[in-house]
Every structure is written in structure tokens, then in C-alpha cells.
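Asks: The structure is given below, and queries will be raised subsequently.
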Amino acid sequence: MPPFRGPAAVREEPQLNRDATPRRYLMCAPTHFRVTYSINPWMDPSKPVDLPLAQTQWEDLRDRYRSLGHTVELLAPRPDLPDMVFAANGATVIDGRVLGALFAYRERFEEAEAHRDWFREHGFTDIREPDHVNEGEGDFAVTASYLLAGRGFRSSPLSHDEAQEFFGLPVIGLDLVDPRYYHLDTALCVLDAAADEIMYYPDAFSPGSRAVLRRLFPDALLAREADAAAFGLNSVSDGRHVLLPQAATGLLDPLRDRGFEPVPMDLGELLKGGGSVKCCTQELRG
């Protein structure tokens, strides 16, 4: 029997003239952003947040999306929920179907309800309140063939079966082993969903998960430690433009070599909460 090869294994050479796909994103302003507790290795309450600077950096990201032709919807921030700016964690949306979040830490628990309220108020009707802990697009990444699902620090492995049943997509469970990369979106980024093209940092994953990624995505862009530590995988791609933290300089040329246009962004203040471009951006698919 010939060895199994995933869909990405037979993909043609990366194209050099890529097309951006208009996207619809959900974001939440950092009006009440602060670091008063620590639930990931990046959060240090002893380091004050420059809130006006955080607001300016967030607005730059929002405006850049709009300048690229994307739609940005806004979720109203709540004073008692300082991490709401990290909107990617509130749900996963595929084909207009919404799988809500169930947060691992009590400090963020009520964010899930705020997201569900927004979806109901904006005409979404197929909304599932989950039974098992998942933190939305923090640990779910969507390609044409798979729903990649992180586990190990936040989301429960039981949420993978729940997502598969709800969305009807094959779920690939991936074990995260480095606490600095506590969510999948800190260690892996989908560059071109239609082509099953990703980039990731191998050392964030267990040996078995690295083997799965090599098999399914043999042409993936592999990030180096310095760029992963700069949150370079916490990026957003529209199929052509890749918005990424400006400190991840080692990813710029490899992305250009593959036909992408990197767009460096400065979200340094928000990194104090353990998030960057992707953490601030939830994609509303369908």
C-alpha cells in the first residue's frame, strides 16, 4: 500500500501572483485593556500598559484591514473584561455557523456570553453553546481540508469531537508542549486556506504532532525560534497580504518568496496580554 499523502502533498508549486479574498472580521477595541492578572507566560501585572498606545496600535490594525478591502465589525467592550480585545477567542465561525467559546479561566468566562449576544443581535441563527472548553480561534484554525485543533494548555481534547460533529469537518488534533505557545494561533498560521498552506513553529508541538504536520503540510513555511518568540505566527492572511508582528523580521523574505505581501504591524502593547494580530481578529466565515 502506498504511503498516505494529505491534500497538501500534491499541491502545485506556490503561485507568485496571489489574490486577496475579501474577509469579514470581528474586533473589539482595547478600551478597558489592562494586565492585572496572569493566565499565560506573557502577562506580567508589574508591567503597566500604555492604554492610549494600545488603542492607537489596535486602530492601526483595524484601519489596515479596511484599507485592504476587508469588513471590520465591532464588538462592544465591557469594563469588567479587560481581555475582550483578543476577539479571536470568543467563537469559531464556519459557513455562518457559530461554535461559541467556553473559557478555561474564570477571568475570561463572561466573554463567551458577550460574543453569543453579538451573534444573535447580528442575524446569526445557528449558534452552539459548547459543552467542552474551547477558546475559539485561539485553538481552531480552518483550512479547506481540515479544522486544525490545538490542545494541551487551554482547549479540551473533548472539544475536538464537538467541533467535528458541529461543522462536519475533519478535525486534526495537535498537542502544544511549550507554555509560551499556549494557543494554536501563537504557533501556527493559515496562509492560504483554499490551498491548505500554513506556517508554523515546529518546537511548539509534540513529536507526534510535528509528524502529522509534516505529512499533511510538507510544503509549510517553518518559522524559527526568534520569529515565533516575536509572536510571528499570530498573524492573519487574506490569501495575499499577511499582517504580522513587525518584530518577526525573519518571516518577511520567506513570505515574499512564496508570493505573499507581508504587512508588518506594531501591537507591542497588546503583546503584554499575550496576544497580537490574530488574537485581535476573529474571522466571520460565511
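The values are calculated or read from the model by the stated rules, or taken from the named source; none is laboratory data. Note that this is a predicted model, so its numbers are computed, not measured. A quick note on method: Cβ atoms are made from the backbone with ideal geometry, for glycine too, and the neighbour counts reach across all protein chains shown. Side chains are part of the model used for accessible areas, which takes the heavy atoms of the whole protein and leaves out ligands, DNA and RNA. Shrake-Rupley method; radii C 1.70, N 1.55, O 1.52, S 1.80 Å.
Asks: Within the range 1-35, can you find the residues that are at pLDDT 95 or above and of a type in the set (Ser, Thr, Tyr)? Lay out the reasoning, then the answer.
Replies: Of the residues in the range 1-35, the ones at pLDDT 95 or above are 22-35.
Result: Tyr25, Thr31.
Asks: Pairs needed: first member in the range 257-286, over 15 Å from Met27 (Cβ atoms); second member anywhere, part of a helix (DSSP H, G or I) and at pLDDT below 95; C-beta distance under 9 Å; at least 6 residues apart or different chains.
Replies: Within 9 Å, no pair qualifies.
Asks: In addition: Among the numbered criteria (1) in contact (Cβ under 8 Å) with a residue 60 or more places away in the chain; (2) open to solvent by less than 20 Å² (accessible area, probe 1.4 Å); (3) closer than 14 Å to Gly152 by Cβ, which single criterion is violated by Ala187?
Replies: (1)
Asks: Give me the residue from the range 249-270 that is part of a helix (DSSP H, G or I) and among the acidic types (Asp, Glu) and, out of that set, nearest to Phe231 (Cα to Cα).
Replies: Here the answer is Asp253.
Asks: Quick one: which residue in Asp203, Asp238 is modelled with pLDDT of 95 or more and either closer than 21 Å to Arg18 by Cβ or open to solvent by less than 20 Å² (accessible area, probe 1.4 Å) (or both)?
Replies: Values: Asp203 fails: either closer than 21 Å to Arg18 by Cβ or open to solvent by less than 20 Å² (accessible area, probe 1.4 Å) (or both).
Only one candidate passes the filter, namely Asp238.
Asks: Scanning for something small (Gly, Ala, Ser) and closer than 20 Å to Ala87 by Cα, does the range 198-205 turn up at least one residue? Step through it out loud before you land on a result.
Replies: Step one: of the range 198-205, the residues small (Gly, Ala, Ser) are 204.
Going one step further and asking which of them are closer than 20 Å to Ala87 by Cα, we end up with none.
Within the range 198-205 (the criterion being small (Gly, Ala, Ser) and closer than 20 Å to Ala87 by Cα), the answer is no, since none of the residues qualifies.
Asks: Something else now. Tell me yes or no: at least one residue of the range 73-82 is farther than 26 Å from Ala20 by Cα and either of a type in the set (Asp, Glu) or touching an Asp or Glu at 6+ places or on another chain (Cβ under 6 Å) (or both).
Replies: Yes.
Asks: Determine, yes or no, whether Val133 is within 19 Å of Asn40 (Cα to Cα) and either buried (at least 22 other Cβ atoms within 10 Å of the Cβ) or in contact with a Ser or Thr (Cβ under 6 Å, 6 or more places away or on another chain) (or both). Before the answer, list the steps.
Replies: On the way: within 19 Å of Asn40 (Cα to Cα): yes; either buried (at least 22 other Cβ atoms within 10 Å of the Cβ) or in contact with a Ser or Thr (Cβ under 6 Å, 6 or more places away or on another chain) (or both): yes.
Yes.
Asks: Scanning for something part of a loop (DSSP other than H, G, I, E, B) and without any contact (Cβ under 8 Å) to a residue 12 or more places away in the chain, does the range 18-32 turn up at least one residue?
Replies: Filtering the range 18-32 down to residues part of a loop (DSSP other than H, G, I, E, B) leaves 18-23, 29-32.
With without any contact (Cβ under 8 Å) to a residue 12 or more places away in the chain added as a condition, the list becomes none.
Scanning the range 18-32, I find no residue that is part of a loop (DSSP other than H, G, I, E, B) and without any contact (Cβ under 8 Å) to a residue 12 or more places away in the chain, so the answer is no.
Asks: Could you please find all residues in the range 87-116 being among the small types (Gly, Ala, Ser) and assigned to a strand (DSSP E or B)?
Replies: As a first pass, look at the range 87-116 and keep what is among the small types (Gly, Ala, Ser): 87-88, 90-91, 96, 100-101, 104, 112, 114.
Those that are among the small types (Gly, Ala, Ser) and assigned to a strand (DSSP E or B): Ala91, Gly100.
Asks: Report, by residue number, each residue of the range 39-69 that is open to solvent by less than 80 Å² (accessible area, probe 1.4 Å), among the small types (Gly, Ala, Ser) and assigned to a helix (DSSP H, G or I).
Replies: Ala54
Condition check ((1) touching a residue at least 12 places away in the same chain (Cβ under 8 Å); (2) among the acidic types (Asp, Glu); (3) open to solvent by 10 Å² or more (accessible area, probe 1.4 Å)) across all residues:
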{"position": "Thr71", "(1), (2), (3)": "yes, no, yes"}
{"position": "Arg78", "(1), (2), (3)": "yes, no, yes"}
{"position": "Asp126", "(1), (2), (3)": "yes, yes, yes"}
{"position": "Thr143", "(1), (2), (3)": "yes, no, no"}
{"position": "Arg151", "(1), (2), (3)": "yes, no, yes"}
{"position": "Leu158", "(1), (2), (3)": "yes, no, yes"}
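Asks: Against the definition (over 17 Å from Leu174 (Cβ atoms) and in contact (Cβ under 8 Å) with a residue 12 or more places away in the chain), how does Arg224 come out, yes or no? It would help to see each step written out before you state the result.
Replies: Working: over 17 Å from Leu174 (Cβ atoms): yes; in contact (Cβ under 8 Å) with a residue 12 or more places away in the chain: yes.
So Arg224 fits the description; yes.
Asks: Further, regarding this structure: Just to be sure before I move on: is Gly208 free of Cβ contacts under 8 Å to residues at least 60 places away in the same chain and within 18 Å of Asp185 (Cβ to Cβ) in the structure I sent? Full working, then the answer.
Replies: Details: free of Cβ contacts under 8 Å to residues at least 60 places away in the same chain: yes; within 18 Å of Asp185 (Cβ to Cβ): no.
So Gly208 fails the test.
Asks: Then there's this: Look through Leu255, Leu243, Leu251 and report the one residue that is under 27 Å from Ile39 (Cα atoms) and modelled with pLDDT of 95 or more.
Replies: Working: Leu255 fails: under 27 Å from Ile39 (Cα atoms); Leu251 fails: under 27 Å from Ile39 (Cα atoms).
Only one candidate passes the filter, namely Leu243.
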